[in-house]
Amino acid sequence: MEDMIFYDRLQFAFTITFHYIFPQLTMGLSLIIVYYKWRYLKNNIEKYNDAAKFFMKIFAINFTMGVVTGIPMEFQFGTNWAKFSELTGGIIGQTLAMEGMFSFFLESSFLALFIFGEKLMGQKLHFLTGFLVFLGSWASGWFILATNAWMQHPVGYEILDNGKFVLENFSALFTNPWLLPAFLHNQMASVVTSSFVVASIGAFYILRNKKTEYGRLFLKTGVVFGLISSVLVAFPTGDWNAKNVAKHQPGTFAAMEGIFITEKAGAEIVLIGQPNMVSKKLDNKIAVPNILSFLTYQKWHEQIPGMDQFEEDELPDNIPALYYSYHIMVGLGTIFIGVMALALFFLWRKKLYNMKPLLWTIMFLVPFPYIANITGWYTAELGRQPYLVYGLLRTSDGISPTVSSGNTLFTLLGFVALYMLLGLLFLVLVGKTINEGPEPQTH
Amino acid sequence: MEIFWYVIIAVVLVVFFVLDGYDFGTGIIHLFFAKTEKDKEVITKSAGLFWDSNEVWLVAAGGMLFMAFPTFYASVFSGFYLPLIIVLWLIIFRAIGLEFRGQFKYQMWKDIWDASFGVSSLLLALFFGIALGNIVRGVNLGGVDNGVSAHEGHYFFLPLWDSSFSPLAAHPGVIDWFTIIIGLISVVTLAIHGANWVILKTNSSINKKLKGVIFKLNIVLSALTIFSLFVWQLVNPNSLDNFMHKPYLIIFPLIYLTGLIGLFFIKKIKKDIHAFVLSTLLIVGGITSSLASMFPVLLPSIHGTHEHLTIYNTAASEYGLSVALNWGIIGFILLFVYMIIQKRLMGGKVDKMDYGH
Ligand code: HDD
Ligand code: HEM
Ligand code: HEM
């Protein structure tokens, strides 16, 4: 039983982590492509159209990856989490089915037109199809977050005697107080990723001294979008999410902030420290008093419950991983704001294009927004433990009753092997596209 | 309300098999008949432009099944665990085969992805047929052994095969001689469908030859169909009951028959689209006849200990199903609008289309 749960969780974590590498770029990049297309419509300068087309190539490869890794996600609810699907399908089935109906159809119908149809349609229609692709991908984020929000903070349901959740109020699924903050934060975070990708390719062209005209354009776009989205990710959206967790999942909040013992008045904010689960304290701690209380409740001396206030089986089962995930996300977020603010400052002073160290930094920073996004999701998902549906359905009660751990391990190994291959192909193909670079329009 | 969603999901599934079916069929044709590089390129293109939007129908069917019949979704997906995951892997190989072949000009690179596309399409067609075979044959619900259930009565687990390969075994596996036959029917049907698609969508040099291929495959298909009717009776003796009680259901087998007979005249058919419609009828008729023979059962139990899974004992709540209908209608209207726009802009032979990468 224990190892069954373990492999199921590992497989889900592995496949969703891999899946989420791609949609975060899809959602953010579609916004930037629409932006380039719009600039081109307005001022008719070819380089914007070239830029849009170039990123469309990367988008297409990325999108294929997102689709092929997304389909296993949908089916895994049934294969590995059958009991969970049976009990909650009447509710989260709604949002998942709506995602297919309203976003995937939209996205895939217009993507083909956007890629192949520029000559057939003319510029205005081409812009419109691009915009619809963007709309589809963001709608997809909306529905998947509605699904997740219900798992984090269940609303609009009723539980029958046989344990089944039935839907009682459909609109509650979309007015869930967890949804809007999570959606906005997540979408901003995906814009962060795509801005860093765009900026990084720009820095690469400038440093390599090839295609520098495009390099400058990309760098500028990346830095401006990057700074705006990095700020929005932290404030107000990140802060808003943190308040939600403190309010609705207080045990999770204590664990992710690393508060072992409730302080009488005013909780401190931990900057550095390693959770020691034996002595129940943080080793090598550096913390600033009272800040956490202020950030959460705008009162310096508000009490925040620590982990000592909760039963052990109500707290997340992997507290150190949760704590690190959260601190890595927030730490990286702070660094992103710093780097992008610096870059914008030098851009404004017209010095950025010659500042090698900063360009190198921007170029090599590209994996980190991905890491921040993934650790953000680990914060959400590890924090929800030991529940699948917070407070109502335990993870151990959700797995498939008839699938043995040997079978799950077999498929897990298969997914690992296959995804390694996919990852390699992705890097090769994107590398090739970047190396070739945007091509000026030939008439 | 259950019946309503049953019909909607059946329609979405049938559309998936008609649309993505030609992609699988194209893969099979490509594997066995495409010889020159020019043909290979055109044929992969005829599938490559569309597989993504076609596959969404599968995603939609999955989502709707989850929403409307959660117990069935949970039971079937965990019970057919291994074949399902293998299908997911094959779908990945199919997709990357189509998408990546054109990325480099090296012959070796193209050969790898051609094989990936062709072989996975073939296996997928086989597996989809096998899946249908399993559904009509039924499974050991509850894992009953000597009257004792191993788990709840609406769950089961099937190994890939049982050493006897017999559909009548106490614990049948996914693959047995009956399901293999249905699998072969599916392969042949989709190959015909794919060949029609290639003829319809391309000017490739093998189009003439493909008509002969379709003719021969159709003979094979007729033989398999007749044979399967007999074994079907053996495996599921109740399969004609529904047709006796509700004679109008005969329309579904008739649809199949129209397609089958029509395709014998393939060489005389002037318009390519007519041949494609005939193979579409094969798919539509084949799936709907199987479903009609079982209704309202979704998955039969092969013993009396636990009841069949039906649309009634696996459905979500009445309220859930009816709100979903509201957004479902809006969704389908939008979908038809997209499809009309897409077809208006992307009709015609693919040879001339400007392939972005
Ligand atoms: C570029 C990525 C990125 C960055 C820099 C940040 N986040 Fe984040 N965060 C995410 C990417 C992310 C995410 C992947 O988008 C998550 C996962 C679930 C969600 O809705 O968004 C998330 C979730 C998430 C949660 C919810 C955890 C839960 O549901 O239990 C909180 C409290 C924060 N974030 C708070 C912050 C704060 C205060 C940040 C300050 C800088 C911050 N995040 C930066
Ligand atoms: C928004 C849609 C999502 C839904 C509906 C969802 C749902 C689930 C489910 C059903 C599980 C299995 C049970 C469990 O161990 O908790 C799970 C686990 C997990 N998910 Fe998510 N997930 C979503 C998004 C994500 C994303 C985007 C990531 C990461 C990139 C992620 C990371 C994880 C991890 C790491 C686990 C394992 C947790 C553990 O082992 O304790 N999830 N999620
Ligand atoms: C943070 C969580 C997630 C977000 C924001 C997200 C978003 C997206 C987006 C934008 C796409 C379009 C393809 C692409 O861009 O790469 C996609 C594809 C897909 N996702 Fe996810 N996804 C998430 C998690 C999940 C989960 C948990 C599932 C399981 C139900 C899932 C199922 C799918 C499927 C089936 C596809 C393929 C759709 C198609 O055929 O077009 N996703 N996802």
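For residue B:161, the amide hydrogen comes within under 5 Å of the amide hydrogens of B:174, B:175, counting only partners 5 or more places away or on other chains and with H modelled in the peptide plane. Among the trypsin sites (Lys or Arg not before Pro) in the range A:270-328, those placed in a DSSP loop whose Cβ has at most 13 other Cβ atoms within 10 Å are A:280, A:299. Projecting the Cα atoms of A:25, B:29, A:401 onto the dipole axis of the protein assembly as shown, where Lys and Arg carry +1 and Asp and Glu carry -1 at the beta carbon, places B:29 farthest toward the positive end.
Legend: residues B:222, B:78, sorted from most to least accessible area (1.4 Å probe; ligands, DNA and RNA excluded), read B:222, B:78.
Charge dipole of the protein assembly as shown (Cα centre as origin; +1 on each Lys and Arg Cβ, -1 on each Asp and Glu Cβ, all else neutral): 4060 debye, rounded to the nearest 20. Over 21 Å apart at the Cα level, from the set B:35/B:209; A:47/B:45; A:57/A:211; B:208/B:267, are A:47/B:45.
Rolling a 1.4 angstrom probe over the range A:1-131 with all protein chains present gives an accessible area of which 70% lies on carbon and sulfur atoms. In the range A:93-112, which residues become less accessible by 40 Å² or more once every protein chain is in place, relative to the chain on its own, using a 1.4 Å probe? Residues shielded by partner chains are A:94, A:97, A:101, A:102, A:105, A:108, A:109, A:110. If a/c stays under 1.5 just call it rounded; otherwise compare a/b with b/c (prolate if a/b is bigger, oblate if not). Do that for the range B:225-341, with a ≥ b ≥ c from the square roots of the Cα gyration tensor eigenvalues. Oblate is the answer for the range B:225-341, as a/c is 1.5 or above yet b/c matches or exceeds a/b. Counting Cβ atoms of other protein chains within 10 Å of each Cβ in B:86-97 and taking the mean gives 5. With both labels modelled 7 Å from their Cα along Cα-to-Cβ, the residue B:152 to residue A:208 distance reads 5.5 nm.
Of the complete DSSP H runs in chain B, those spanning 27 angstrom or more by Cα along the long axis with a mean Kyte-Doolittle score not below -1.0 are B:2-33, B:81-100, B:107-137, B:177-201, B:207-235, B:272-294, B:318-346. FRET efficiency for residue B:343 and residue B:10, Cβ-Cβ distance as r, R0 = 25 Å, nearest 0.05? After rounding to 0.05, the efficiency reads 0.60.
Residues B:245, B:306, A:126, sorted by accessible area with the largest first, give B:245, B:306, A:126 [1.4 Å probe; ligands and nucleic acids excluded].
Calculate what fraction, in whole %, of the accessible area of the range B:186-242 sits on carbon and sulfur atoms when a 1.4 Å probe is rolled over the protein chains. About 74 percent, which is the carbon plus sulfur part of the accessible surface. Taking the protein heavy atoms of the range A:186-293 in the context of the full set of protein chains, the accessible area attributed to carbon and sulfur is 65 percent at 1.4 Å. Using a probe of 1.4 Å, the accessible surface attributed to residue A:175 totals some 110 Å² when neighbouring protein chains are kept in position. In this Cβ point-charge picture (+1 for Lys and Arg, -1 for Asp and Glu), chain B has a dipole of about 1820 debye about its Cα centre.
Can you give the local net charge around residue B:20? Use residues other than it whose beta-carbon is closer than 13 angstrom to its beta-carbon, Lys and Arg +1, Asp and Glu -1. Net of charged neighbours comes to -2. The loop-placed GluC sites (Glu not before Pro) in the range A:294-374, going by DSSP, that have at most 11 neighbouring Cβ atoms within 10 Å of their Cβ come out as A:311. Couplings for the range A:398-408, taken from phi via the Karplus curve 6.51 cos²θ - 1.76 cosθ + 1.60 with θ = phi - 60°, read x, 6, 6, x, 10, 8, 7, 5, x, 5, 5 Hz in order; Gly and Pro are left as x. Among the residues of A:396-402, the average count of other protein chain beta-carbon atoms within 10 Å of the residue beta-carbon is 5. The convex hull defined by the C-alpha atoms of the range A:87-218 has an orientation-averaged projected area of 10.6 nm². Per residue, the accessible area of the protein assembly as shown comes to 40 Å², computed with a 1.4 Å probe over protein heavy atoms only.
Tell me, Kirkwood radius of chain B from alpha-carbon pair distances, in Å? Its Kirkwood hydrodynamic radius stands at 21.3 Å. Dividing the alpha-carbon radius of gyration of the range A:1-157 by the rule-of-thumb value 2.2 N^0.38 Å gives 1.22. Quick one: grab the alpha carbon gyration tensor of the protein assembly as shown, order the square roots of its eigenvalues as a ≥ b ≥ c, and give me rounded if a/c is under 1.5, else prolate or oblate depending on whether a/b is larger than b/c. Since a/c reaches 1.5 but b/c is at least a/b, the shape of the protein assembly as shown is classed as oblate.
When exposed loop sites are taken as chymotrypsin sites (Phe, Trp or Tyr not before Pro) in a DSSP loop with at most 13 other Cβ atoms within 10 Å, the longest stretch of chain B clear of them is B:107-311. For residue A:275, neighbours were defined as the other residues whose beta-carbon sits under 12 Å from its Cβ, and their charges (Lys and Arg +1, Asp and Glu -1) total +1.
When the GluC sites (Glu not before Pro) in the range A:145-223 are filtered for DSSP coil states and for at most 16 other beta-carbon atoms within 10 Å of their beta-carbon, the remaining sites are A:168. Compared with the dominant Cα axis of chain A, that is its longest principal axis, helix A:367-384 is turned about 20°.
Within the full protein context, the accessible area of residue B:200 is estimated at about 40 Å² for a probe radius of 1.4 Å.
The residues A:9, B:94, sorted by heavy-atom accessible surface at 1.4 Å with ligands and nucleic acids left out, run A:9, B:94 from largest to smallest. Solvent-accessible surface (1.4 Å probe) assigned to residue B:274 amounts to roughly 100 Å².
Which FRET efficiency value, to the nearest 0.05, do you get for residue A:264 and residue B:105 by plugging their Cβ-Cβ distance into 1/(1 + (r/R0)^6) with R0 = 51 Å? Between residue A:264 and residue B:105 the formula returns 0.10.
Backbone amide hydrogens, once placed in the peptide plane, bring residue A:276 within less than 5 Å of A:281, A:282, A:283, excluding anything fewer than 5 places away on its chain.
Counting only residues at least eight positions apart within a chain, or on another chain, the aspartates and glutamates with an alpha carbon under 20 Å from that of residue B:38 are B:23, B:99, B:111, B:114, B:351, B:354. On association of chains A and B, roughly 6100 Å² of accessible area becomes buried (total for both chains; probe 1.4 Å). Ranking B:175, A:177, A:219 by how far each Cα lies toward the positive end of the dipole of the protein assembly as shown (charges on Cβ) leaves A:219 at the top. The mean sequence separation of alpha-carbon pairs under 8 Å and at least six residues apart, normalised by the residue count of the range A:57-200, gives a relative contact order of 23 percent. The separation of the range A:215-265 from the range A:327-345, counted between C-alpha centres, amounts to 12 Å.
Using a Förster distance of 56 Å, how high is the FRET efficiency between residue A:41 and residue A:317, based on the Cβ-Cβ distance and rounded to 0.05? After rounding to 0.05, the efficiency reads 0.60.
Compactness ratio for the range B:147-230: Cα radius of gyration over 2.2 N^0.38 Å (N = residue count) comes to 1.59.
The accessible-area loss of the range A:148-196 on complex formation, taken against its chain alone with a 1.4 Å probe, reaches 30 Å² or more at A:167, A:170. With Cβ to Cβ distances under 13 Å as the rule, what net charge do the other residues near residue A:93 carry (K, R +1; D, E -1)? Surrounding charge for residue A:93 is -2. Name the shape class, rounded, prolate or oblate, that the alpha-carbon gyration tensor gives for the range A:1-56, where a ≥ b ≥ c are the square roots of its eigenvalues, rounded holds for a/c under 1.5, and otherwise prolate holds if a/b is larger than b/c and oblate otherwise. Cα axes put the range A:1-56 in the prolate bin.
The values are calculated or read from the model by the stated rules, or taken from the named source; none is laboratory data. On a predicted model such as this, the values are computed, not experimentally measured, just so you know. Because the Cβ atoms are built from the backbone with ideal geometry, glycine has one as well, and the counts that use them run over all protein chains shown. Surface areas here come from the heavy atoms of the whole protein model, side chains and all, with no ligands, DNA or RNA. Shrake-Rupley method; radii C 1.70, N 1.55, O 1.52, S 1.80 Å.
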